[in-house]
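Taking it in order: structure first as structure tokens, then the write-up.
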Amino acid sequence: MTKYKTKNPPPKKILGLILSPTRELAKQTFEICKKLQEALHSLVKTSGFTVNLFIGGTNKDHDVKLYEEFGGNIFVGTPGKLREIFTCENFEETFDIKDLEILVLGKILIFF
């Protein structure tokens, strides 16, 4: 995200991926990212990055529709839901792992 210190990243360029083992942890992480987004906005007067939350128990089509409408630069979510989202037709062409600048694996030992 260093390239975007003074300008906004493209709305549908996924730059960060934060994996959480549980929905609750993903929600907490999402809330922190939103607060960071708001703080950056007040400091540099740009809209900055956008954050999306993808967790189990939500409607995949609704999640995809929100992304298509508003974009998203940082995805926070659970592994199963993110896999479901990334295998949608709409994301196969959008997501390129080479664009990732941040990858966070929360409590990684739980995944194995």
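Here the residues Ile55, Ile74, ranked from fewest to most Cβ neighbours within 10 Å of their Cβ, fall in the order Ile55, Ile74.
Counted residue by residue at 0.36 nm each, then reduced by the alpha carbon distance between them, the extension gain from Thr87 to Lys107 reaches 4.8 nm. Take every Cα pair under 8 Å whose residues are at least 6 apart in sequence, average their separation, divide by the length of the stretch 13-107, and the relative contact order is 49 percent.
Every number in this text was worked out from the coordinates using simple rules, so none of it is lab data. Just so it is clear, the model here is predicted, and its values are computed rather than measured. Positions of Cβ are backbone-derived with ideal geometry, glycine not excepted, and every protein chain shown enters the neighbour counts.
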